[in-house]
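The values are calculated or read from the model by the stated rules, or taken from the named source; none is laboratory data. Keep in mind that this is a model prediction, so the values were computed, not measured. Every residue, glycine among them, receives a Cβ derived from its backbone with ideal geometry; neighbour counts consider all protein chains shown.
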Amino acid sequence: MDKRALRKESIPKRKLDVRTGIFCAEQIEYVVCTAIKNIAHKRTLVLYVYEKKKVVDGDLTPRWTMFHIKEDYITLCREGDKTKWRTSMFQNLGPYWNFTDKCAFYSTAEEERVARFFKNTAYKGFRCLNAVQNAIVRKRTRLAEINNQKTIAARMKVVKALPRNIRNYMYMETLPHYVFYDYHKSKAPMKGYCTACKKEVGVVGKKNNEKGFCPNCKRYVTFKSRGRRGHFHDRSTAQVIQRTGENEIVVRFIKAYCNYYKCDVPAFSVYETARLFIRWKDNKIVKWDRFYYSYSHDTLTPWCRGDRPRFNRWCYYFENDLCGFLYQRNLDKELRDTPWKYCALNEYYNLDPTPLYIPDYLRTYLSYPILEYLVKLKFTRLATYIVYGDSSGHHFTDWEHLINTNGKNITEVLGVEKKHIQFLRQVDPGIKQFKMIKAMLNDGIVPDTELMKWCSQKDVEQSEHITIPLRFMTPYKLMKYANDQFTTHRRKTYGDGGYYRLSDVLSDYKDYLCMSEALGHDMKSSFVLYPNNLKEAHDRVNELTKAETTKAYDRKIAKMFNGLQSRYGYNKMGFMVLPPATSKDISREGDKLHHCVGRYIPSVVKEECIILFIRKASAPKKPYCTVEIRNGNIVQARIQNNDPPTPKLQRFIDLWKQQVIYAPQQLAA
């Protein structure tokens, strides 16, 4: 429709008589007038929609002017001095859901003109108009669907056929196998059938649902008695990567369904449920196209764009699950001459051949090529964290500080000395354990291999939970005592006061040892070091009077002074770094600078954090800036009124970081 020609006819040259009955009806807010005109050589129905209040006030400018031909319509809307075009149906023009109930034709002739224009004898007025517009909308929608389906069908033509052996691969490599046998009580071999090698085998001394290996093909199987197996099914997902163009690959998601209905040979089906097209340019992903199979037979193509809809995102749906096994047999060929030629995806999958979401690995590799180093040196848990995050799918904000993503070799990537690489390979730490190990190495502590493996298994992440007990005992004794206490005092019911995780045991043990040392107990006595009930001992040493606590805190902080001074002391640019000598020093610092460092005294004593003072070299006794360090990193630095450091002071802190705090990392690099 010619909008320029339509705009000329948008304001009619006519007058409305406000004395007619329609202007007296309270329920009516809009008055509609009609006209049939020849606009741009097309016979056009024009509907002028006036606001009743404005007409009464003498304003005869229509609020909306709708132009309607037999196969299309468009509306010119006025909002003050501005106009805009809309394609809404008449019933959707106004602010009400029942807009037509607020409208009325100016006269019967205006209403009859609508039905006469559309040659409709069944309906008249608004019903006729809505019927025609609904038919136009359905036609538009259907035409858009067909065009969309044609586009998708053309998109799918570049996809090659699935590998010929995909059916056999799904059955043999992704699904569990069984040996079904006829049970009898005698010691004679029982007749069985293996679903893997599809051969008759003899079964001796096996129980129902017992795991083992097939006597014939040696595959890992589950033994099931035919009399007790009932009806069950297995299902799995696989991912196949194929090349579809010069700068594009497709990841295809294949489902396998194996139904054992009281029989040895299952009903087995393999089908495709989703496709993900990945297009790249200059080693960067520029487009992700997702499609899912809709099982529809009345469309040009069963493929639909987007992710498969689900009724409830919190419920598991097998059809929506895209994590699966990786089909490796064509991988090198399909990834040749792509940005993922050296991504080590094969090696990563072989380290742990369990279901995973491959596109996340491909996307992450382009941002962090260091994955290749980590995978090839078998740092599986670090590589998995970079790709998939922790168990909840989240990443810590400071993980890129632990791992140099721009490193050119493994020592630069990990930020450790070359001599520690073999130790780290043996431990294969997670990100939390790696953070702990780096903190220990920065403090000059070489961790024990078996102890670090134990920390990885038990998800222990705080370095002070390990380093403090190791001052008084061997790694073996620490692991044995912690395991014994966790087994004895493990939480059995909610609110029983027991330990929920083994790391909670180590936290209490660290606090107990720190306070025992501060109180002057004999730290060589096994009675002190290994209390029978850690929970009671921990609570006992923490239930002290205020005077006793202050004395214990002062003794502990004074004992730490020399070590902190040698480790963190620094003097440059007119500033110097000092540790506190007593708990009063920390309290005085907070009072003078007007911040809350005083409440950190218990954490300092329990070695959960380190508090240091930055003073001007010209006034070493006058508080100036307070710094908190946790796990070898500066957490915060505050001056007067809890303000951040000045630019000059910040330059000093940055220099202090490089030359003192992160010195071991700099040496490794």
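Overview of results
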{"read-out": "Test: residue in the range 469-476 that is more than 25 Å from Val605 (Cα to Cα) and of a type outside the set (Val, Ile, Thr)", "value": "yes"}
{"read-out": "Some residue of the range 303-314 being among the hydrophobic types (A, V, I, L, M, F, W, C), under 19 Å from the mean Cα position of the chain (by Cα), assigned to a loop (DSSP other than H, G, I, E, B) and at pLDDT below 95", "value": "yes"}
{"read-out": "Which numbered condition Ala439 misses (of (1) free of Cβ contacts under 8 Å to residues at least 12 places away in the same chain; (2) touching a strand residue (DSSP E or B) at 6+ places or on another chain (Cβ under 9 Å))", "value": "(1)"}
{"read-out": "Residue satisfying all of: in the range 425-438; among the charged types (D, E, K, R) and buried (at least 17 other Cβ atoms within 10 Å of the Cβ); farthest from Asn631 (Cα to Cα) among these", "value": "Asp428"}
{"read-out": "Any hit, the range 490-501, residues being buried (at least 20 other Cβ atoms within 10 Å of the Cβ) and touching a residue at least 60 places away in the same chain (Cβ under 8 Å)", "value": "no"}
{"read-out": "Options Leu513, Leu506; residue that is within 22 Å of Leu451 (Cβ to Cβ), assigned to a helix (DSSP H, G or I) and in contact with a Phe, Trp or Tyr (Cβ under 7 Å, 6 or more places away or on another chain)", "value": "Leu513"}
{"read-out": "Looking only at the range 93-107, and only at residues there that are out of contact with any Gly (no Cβ under 7 Å at 6 or more places or on another chain), of a type outside the set (A, V, I, L, M) and surrounded by 18 or more Cβ atoms within 10 Å (Cβ to Cβ), the one that is nearest to Ile74 (Cα to Cα)", "value": "Gly94"}
{"read-out": "Extreme residue, nearest to the chain's Cα centre (by Cα), among residues of the range 456-485 that are in a helix (DSSP H, G or I) and acidic (Asp, Glu)", "value": "Glu464"}
{"read-out": "Subset of the range 410-424 [at negative phi and either within 27 Å of the chain's Cα centre (by Cα) or surrounded by 13 or more Cβ atoms within 10 Å (Cβ to Cβ) (or both)]", "value": "Ile410, Thr411, Glu412, Val413, Leu414, Val416, Glu417, His420, Ile421, Phe423, Leu424"}
{"read-out": "Test: residue in the range 139-149 that is surrounded by 15 or more Cβ atoms within 10 Å (Cβ to Cβ) and part of a loop (DSSP other than H, G, I, E, B)", "value": "no"}
{"read-out": "Residue match in the range 39-59 (condition: more than 19 Å from Ile11 (Cα to Cα), hydrophobic (A, V, I, L, M, F, W, C) and surrounded by fewer than 20 Cβ atoms within 10 Å (Cβ to Cβ))", "value": "no"}
{"read-out": "Condition broken by Leu362, with the remaining ones in (1) surrounded by fewer than 20 Cβ atoms within 10 Å (Cβ to Cβ); (2) in contact (Cβ under 8 Å) with a residue 60 or more places away in the chain satisfied", "value": "(1)"}
{"read-out": "Subset of the range 367-398 (residues that are surrounded by fewer than 14 Cβ atoms within 10 Å (Cβ to Cβ) and over 22 Å from Lys341 (Cα atoms))", "value": "Ser391, Ser392, Gly393, His394, His395, Thr397, Asp398"}
{"read-out": "Number of positions in the range 439-455 that are over 26 Å from the mean Cα position of the chain (by Cα), at pLDDT 85 or above and either in a helix (DSSP H, G or I) or acidic (Asp, Glu) (or both)", "value": "7"}
{"read-out": "Lys535 vs. criteria within 15 Å of Ser603 (Cα to Cα) and either touching a Ser or Thr at 6+ places or on another chain (Cβ under 8 Å) or in a helix (DSSP H, G or I) (or both)", "value": "no"}
{"read-out": "Criterion (modelled with pLDDT of 90 or more and aliphatic (A, V, I, L, M)) met by exactly one of Val577, Val597, Val541, Val605", "value": "Val577"}
{"read-out": "Count of the range 399-409 residues which are of a type in the set (D, E, K, R) and either surrounded by 13 or more Cβ atoms within 10 Å (Cβ to Cβ) or touching a strand residue (DSSP E or B) at 6+ places or on another chain (Cβ under 7 Å) (or both)", "value": "1"}
{"read-out": "Failed condition for Thr364, given (1) under 25 Å from Val251 (Cα atoms); (2) in a loop (DSSP other than H, G, I, E, B)", "value": "(2)"}
{"read-out": "Lone qualifier among Gln426, Gln462 - being among the polar types (S, T, N, Q) and at pLDDT 85 or above", "value": "Gln426"}
{"read-out": "Test: residue in the range 517-530 that is part of a loop (DSSP other than H, G, I, E, B), basic (Lys, Arg) and loosely packed, with under 13 Cβ neighbours inside 10 Å", "value": "yes"}
{"read-out": "Matching option when the condition is surrounded by 14 or more Cβ atoms within 10 Å (Cβ to Cβ), aromatic (Phe, Trp, Tyr) and over 27 Å from Glu246 (Cβ atoms), among Phe291, Phe325, Phe311, Phe318", "value": "Phe325"}
{"read-out": "Answer from Ile611, Ile653, Ile634 - the residue that is modelled with pLDDT of 90 or more and under 30 Å from Lys408 (Cα atoms)", "value": "Ile653"}
{"read-out": "Which numbered condition Ser587 fails, given (1) of a type in the set (Gly, Ala, Ser); (2) modelled with pLDDT of 90 or more; (3) farther than 23 Å from Lys435 by Cβ", "value": "(2)"}
{"read-out": "Strands (runs of 3 or more DSSP E) wholly inside the range 160-228 that include at least 3 residues being within 45 Å of the chain's Cα centre (by Cα), in the same structural domain as Gln242 (by TED's automatic domain parsing) and surrounded by 17 or more Cβ atoms within 10 Å (Cβ to Cβ)", "value": "178-181, 220-225"}
{"read-out": "Check on Thr75, surrounded by 15 or more Cβ atoms within 10 Å (Cβ to Cβ) and not aliphatic (A, V, I, L, M)", "value": "yes"}
{"read-out": "Residue that is nearest to Leu93 (Cα to Cα), among those in the range 9-52 that are free of Cβ contacts under 8 Å to residues at least 12 places away in the same chain and not in a strand (DSSP E or B)", "value": "Glu26"}
{"read-out": "Filter pass, Arg86 being surrounded by fewer than 19 Cβ atoms within 10 Å (Cβ to Cβ), under 30 Å from Leu143 (Cα atoms) and in contact (Cβ under 8 Å) with a residue 12 or more places away in the chain", "value": "yes"}
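Residues are listed down the side, and each one gets a yes or a no for (1) over 24 Å from Ile466 (Cα atoms); (2) surrounded by 15 or more Cβ atoms within 10 Å (Cβ to Cβ); (3) touching a Phe, Trp or Tyr at 6+ places or on another chain (Cβ under 8 Å):
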site	(1), (2), (3)
Pro579	no, yes, yes
Arg588	yes, yes, no
Val605	no, yes, yes
Glu608	no, yes, no
Arg615	yes, yes, yes
Val635	no, no, no
Asn641	yes, no, no
Pro644	yes, no, no
Arg651	yes, no, no
